[in-house]
Amino acid sequence: MLGGRVDKGFLFLSSAGDGKLNNIGVRVMKVVKLYLPESGGISAHAFRHLVATDWLTRFPNDFVTVAELLNDTIAVVIKTYAHLKKETSFARYEEHVQSMRPV
């Protein structure tokens with residue numbers, strides 16, 4: 001990322017306080033501005049949210065993977081992203097209803 005190395009386990013923020021993630025917010029902002037200059041950048045926390053939302057949209061109910069990626073508990077992930085489950089369910093049902101309609 002920006003000429004640096006991305007170590008396994010350090011993609012997302014943690015509360016370890018070991019200094020390995022110093023300035024990650026600045027780095028995330030720079031990368032986002034580089035690839036999406038009109039965005040003005042986003043925070044590292046917003047980036048985490050985008051990754052989690054994208055994953056759960058593609059793989060509904062895979063809260064375990066998101067919990068691992070974000071280093072959060074499953075309970076926190078479900079509480080934060082449960083609304084996606086409902087949205088996905090309604091979207092799938094709508095697709096099903098549309099597939100039953102005569103062409």
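The values are calculated or read from the model by the stated rules, or taken from the named source; none is laboratory data. This is a predicted model, so every value here is computed, not measured. Please note: Cβ atoms are built from the backbone with ideal geometry, for glycine as well, and neighbour counts cover all protein chains shown.
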- Message: Tally up the residues in region 32-45 that are over 20 Å from residue 71 (Cβ atoms) and either part of a helix (DSSP H, G or I) or not aliphatic (A, V, I, L, M) (or both), please.
- Response: 9
- Item | Of all residues in region 35-82 being surrounded by fewer than 11 Cβ atoms within 10 Å (Cβ to Cβ) and among the hydrophobic types (A, V, I, L, M, F, W, C), the one that is farthest from residue 92 (Cα to Cα) | 75
- Test: residue in region 41-57 that is among the acidic types (Asp, Glu) and at pLDDT 85 or above: yes
